[in-house]
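A short worksheet on the structure shown next.
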Amino acid sequence: MSSRRKFIKNTALGTLGAASVFSQLSASETTRIEFKEVKPKKRPLIISTWNHGLAANEEAWNRLKSGSSALDAIVAGVGIPEADPEVRSVGYGGLPDREGKVTLDACIMDKNSDCGAVSFLQGIKHPIAVAKKVLENTPHVMLTGTGALQFALSEGFKEENLLTEKSKLAWEKWLENSKYKPVINIENHDTISMLLLDEEGNLSGGCTTSGAAWKIHGRVGDSPIIGAGLFLDNEVGAAAATGLGEAVIRTAGSAMVVELMRQGKSPNEACKEIVERIYNKHKNHKDMAYLQVGFIAVNKQGEYGGYSLRSGFNYAVYDTEKGNRMEKPDFKMTWKD
Ligand code: SD4
């Protein structure tokens, strides 16, 4: 709950509207409330999922500091793991689907709730940059498959082979048994979601992934879906997900985290409540054996947090107070539980 809401709730005038509360307070009390309401904790603030979030944060931070817009900073930031062949779950070098095709999902959202997304996109190294073009240059929110590729090419993007030798070898090994058993988030190199609170206190976010390895050709996860993999309301906060996309879509995960923050929960509490909900909905589900979900969230005041179902999740935080570092959120259970 924000300090202002807490204050009003705790006062004897708590049942009155804010306007009448203010009219009955002395000038000094009003000043105190106003100060609490607008005081940001830390700005700018950038948080990104997983270890590759560190390099992404660094790039986004430097871009912001040299005057880039928040969306350009996000595109450049998450563009680092997208281009890194060693990051096997995002962009170039990402693990392919069961047909050996690297298919990418991404979305981006700004302070005005404008958003752009691409799903099931092949052959373009930076899907997040295409998602931004969808936001800017089309009347739509999401383009998919060959349509998304056609659009990317018309915007000047270059088509290239994204299947590296290493990922091809991993796919060939998988083909020996062809067992579909998603192993999500265990090795710390997964979807990158980035949330950004800029110096003016405005929120934006982005998310990009090659999705679950060995998925059925055509499968789209939560990451390009606004409300599932990413959501923000500039009046409240922003949230993003990593993990088994099917579970995040079933529960509208990121949108729900934002709604819980709207109701007064802290980012940590909101992430935890949604993870608990996902657990309750899945505890007897066939997906439970390999289910992992993790959320990160930031509110308008600059408080941030995260929570995951299983151990192993971490995220990178960059702020003016402590610089760029990894943080480990709490989790509900270990992989052995
Ligand atoms: C998906 N949510 O496609 C993505 C995968 C992921 O951490 O986030 N892994 O389901």
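If I ignore ligands, DNA and RNA and count only protein heavy atoms, how much of GLU172 is accessible to a 1.4 Å probe, in Å² to the nearest 10?
70 Å²
Could you order the peptides 244-257, 44-57, 269-282 from most to least packed, using the average number of other C-beta atoms within 10 Å per residue?
The packing order, highest mean first, is 44-57, 244-257, 269-282.
Toward the positive end of the charge dipole of segment 45-333, about the Cα centre and with charges on Cβ (Lys, Arg +1; Asp, Glu -1), which of ASN234, ILE74, PRO96 goes farthest?
PRO96
Can you pull out the trypsin sites (Lys or Arg not before Pro) in segment 80-180 whose DSSP state is coil and whose Cβ has at most 11 other Cβ atoms within 10 Å?
Answer by residue number: LYS158, LYS179.
Going down the list LYS111/LYS281; LYS101/LYS168; LYS132/LYS166; LYS179/LYS215, which pairs span over 20 Å between their C-alpha atoms? Before the final figure, lay out the partial values.
Working: LYS111/LYS281 32 Å; LYS101/LYS168 9 Å; LYS132/LYS166 29 Å; LYS179/LYS215 11 Å.
Check vs 20 Å cut-off fails for LYS111/LYS281; LYS132/LYS166.
Going by a ≥ b ≥ c, the root eigenvalues of the Cα gyration tensor, does segment 58-171 fall in the rounded group (a/c under 1.5), the prolate group (a/b larger than b/c) or the oblate group? Let's see the in-between values first.
Values: a/c = 2.32, a/b = 1.34, b/c = 1.73.
In terms of gyration-tensor shape, oblate.
What does the convex hull of the Cα atoms come to per residue for segment 45-333, in Å³?
Per-residue hull volume (Cα only) is 111 Å³.
Based on the alpha-carbon gyration tensor of segment 199-310 and its eigenvalue square roots a ≥ b ≥ c, which shape applies: rounded if a/c is under 1.5, prolate if not and a/b is larger than b/c, or oblate?
Oblate, because a/c is 1.5 or more while a/b does not exceed b/c.
Taking 7 Å along the Cα-to-C-beta vector as the label spot, tell me the GLU199-GLN263 distance in nanometres, rounded to one decimal.
My value for the distance between the label points is 3.7 nm.
Can you give me the C-alpha center-to-center distance between segment 73-138 and segment 187-260, rounded to a whole angstrom?
Measuring centre to centre over Cα atoms gives 12 Å.
Probe radius 1.4 Å, ligands and nucleic acids left out: which of PHE151, PHE157 has the largest accessible area, and how do the rest follow?
PHE157, PHE151
So for segment 45-333, taking the charge dipole from beta-carbon charges (+1 Lys/Arg, -1 Asp/Glu), which of MET109, MET261, THR320 sits furthest toward the positive end?
Farthest towards the positive pole: MET261.
Sort the following peptides by mean Cβ neighbour count (other Cβ atoms within 10 Å, averaged over residues), highest first: 207-213, 217-223.
By packing density, highest mean first, the sequence is 207-213, 217-223.
The values are calculated or read from the model by the stated rules, or taken from the named source; none is laboratory data. Quick caveat: nothing in here was measured; it's all calculated off a predicted structure. Note that we place each Cβ from the backbone using ideal geometry, even for glycine, and neighbour counts take in every protein chain shown. The area values use the complete protein model at the heavy-atom level, side chains included, leaving out ligands, DNA and RNA. Shrake-Rupley method; radii C 1.70, N 1.55, O 1.52, S 1.80 Å.
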